[in-house]
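The values are calculated or read from the model by the stated rules, or taken from the named source; none is laboratory data. Please read all numbers here as calculations on a predicted model, not as lab measurements. Glycine gets a Cβ as well: all are built from the backbone with ideal geometry, and neighbour counts include every protein chain shown. Accessible surface areas use protein heavy atoms only, side chains included; no ligands, DNA or RNA. Shrake-Rupley method; radii C 1.70, N 1.55, O 1.52, S 1.80 Å.
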Amino acid sequence: MKIYIDGKFYDKNDAKISVFDHGVLYGDGIFEGIRAYNGRVFRLDDHLQRLEESANAILLKLPMTLKEIETAALETVRLNGLKDAYIRLVVTRGVGDLGLDMRKCRQGASIFIIADKIELYPEEFYEKGLTLVTSTIRQKGLDQVTPGVKSLNYLANILARAEATAAGAQEAILLNATGQVSECSGDNLFYIKGGKIFTPPSSAGILSGVTRQVVMELAESKLGIKVIERNFPRYDLYTADEVFLTGTGAEVIAGVKIDGRVIGSGAAGPMTKKLIKHFREYANSTGTPVYETVKAK
Ligand code: PXG
């Protein structure tokens, strides 16, 4: 495996960054998780745009242009000979001293890119759905570092996921400070009731998911249903016809049991199944080609 760090490729065992990098010392940085399907990178522009927005939000100057980052990401997938891939793109504040002052990170931000095979939920989960539990951990407030920033501070999400695992569930739902539903530890959340689809708005405290956006577009174009963004409590999930999650890793997947309550039929519902099908068709028919581009230098 070849890993990209700041303009060079390293073997896995040699791919290292400094212990003085503020990404390590403070979680001071941002990342993107991106998929490639069949030799094409899915919604790469959207991911790069979100990366840029996250960078702006945390006063981080990206070390390269978005075009250069795109070239590096494609080259990383290519060098590893992958067609279906999970691309992890990380930008840290870079090497500093032991203080919080970001001005001490004088060399500027560091960027590394890993392209690996993807680990997915087993296919049977797309039929039978996931079990979810509500985490005791609250979503960060909008007056904190907004959940819209895909920062390297994922401890709340990791601990929420651990609560789900401990409860025998696959994903955890985070409520926000007002007790409304925000999102899952690594996925956005939707529910369907009476033929309408609902999802929390960005004001609920969510990561503005690339998959979420795609599914909203597909719901409208393929199912003729406009997704309604609104705040809602857990009760709406408990009493929904269908619940589903979206994320780069999970794609579209049903949530069929929430805090012990069975949702709908207790398996992936008809609308969710349609969205899974449309999403897969779309994901496999679009994207930035990895192997047809000429290496830019
Ligand atoms: N909310 C959070 C907190 C996330 O981390 C999403 C929503 C969905 O966003 P996208 O843009 O991916 O649709 C995420 C993204 C994994 C994995 O391996 C998780 C994510 C992305 C890639 C891989 O669990 N989470």
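Some notes on this structure:
- Leading residue by the ranking (nearest to the chain's Cα centre (by Cα)) among those in region 138-161 that are part of a helix (DSSP H, G or I) and near the ligand (Cβ under 10 Å from one of its atoms): ASN157
- Residue check for GLU127: more than 16 Å from the ligand (Cβ to nearest atom), outside any loop (DSSP other than H, G, I, E, B) and closer than 23 Å to GLY249 by Cα: yes
A quick yes/no check of all residues on (1) in contact with a Phe, Trp or Tyr (Cβ under 9 Å, 6 or more places away or on another chain); (2) at negative phi; (3) touching a residue at least 24 places away in the same chain (Cβ under 8 Å); (4) acidic (Asp, Glu):
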| position | (1), (2), (3), (4) |
| --- | --- |
| TYR10 | yes, yes, no, no |
| ASP14 | no, yes, no, yes |
| SER18 | no, yes, yes, no |
| GLY33 | yes, yes, yes, no |
| LEU44 | no, yes, yes, no |
| LEU48 | no, yes, no, no |
| GLU52 | no, yes, no, yes |
| ASN56 | no, yes, no, no |
| LYS61 | no, yes, yes, no |
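- Within region 247-268, being small (Gly, Ala, Ser), within 24 Å of the chain's Cα centre (by Cα) and either on the phi > 0 side of the Ramachandran plot or assigned to a strand (DSSP E or B) (or both) holds for GLY247, ALA254, GLY255.
- For PHE232: the one exception among (1) part of a loop (DSSP other than H, G, I, E, B); (2) surrounded by 15 or more Cβ atoms within 10 Å (Cβ to Cβ); (3) touching a residue at least 60 places away in the same chain (Cβ under 8 Å): (3)
- Test result for ASP101, assigned by TED's automatic domain parsing to the domain that holds SER18, within 16 Å of the ligand (Cβ to nearest atom) and exposed (fewer than 14 other Cβ atoms within 10 Å of the Cβ): no
- Filtering region 235-260 to residues that are open to solvent by 30 Å² or more (accessible area, probe 1.4 Å) and either farther than 17 Å from PHE42 by Cβ or hydrophobic (A, V, I, L, M, F, W, C) (or both) leaves TYR235, TYR238, THR239, ASP241, LYS257, ASP259, GLY260.
- Close pairs from region 211-229: first more than 20 Å from ASP45 (Cβ to Cβ) and touching a residue at least 24 places away in the same chain (Cβ under 8 Å), partner within 13 Å of the ligand (Cβ to nearest atom) and of a type in the set (A, V, I, L, M, F, W, C), Cβ under 8 Å, at least 6 apart: VAL227/PHE190; VAL227/VAL215; VAL227/MET216
- Any hit, region 2-15, residues being within 21 Å of TYR154 (Cβ to Cβ) and part of a helix (DSSP H, G or I): no
- In the set (1) under 17 Å from GLY224 (Cβ atoms); (2) touching a residue at least 12 places away in the same chain (Cβ under 8 Å), PRO289 fails one condition alone, (1).
- Subset of region 34-87 [in a helix (DSSP H, G or I), open to solvent by 60 Å² or more (accessible area, probe 1.4 Å) and within 16 Å of the ligand (Cβ to nearest atom)]: ASP45, GLN49, GLU52, GLU53, ALA57
- When residues of region 169-189 are limited to those that are within 13 Å of the ligand (Cβ to nearest atom) and in contact with a Pro (Cβ under 9 Å, 6 or more places away or on another chain), the one nearest to GLY249 (Cα to Cα): ASN188
- Selection status of ILE192, farther than 27 Å from ILE34 by Cβ and buried (at least 23 other Cβ atoms within 10 Å of the Cβ): yes
- Out of SER182, SER221, one residue alone is assigned by TED's automatic domain parsing to the domain that holds VAL243 and either charged (D, E, K, R) or buried (at least 22 other Cβ atoms within 10 Å of the Cβ) (or both). It is SER182.
- One residue from ALA172, ALA167, ALA177 being open to solvent by 30 Å² or more (accessible area, probe 1.4 Å), in contact (Cβ under 8 Å) with a residue 24 or more places away in the chain and in contact with a Lys or Arg (Cβ under 7 Å, 6 or more places away or on another chain): ALA177
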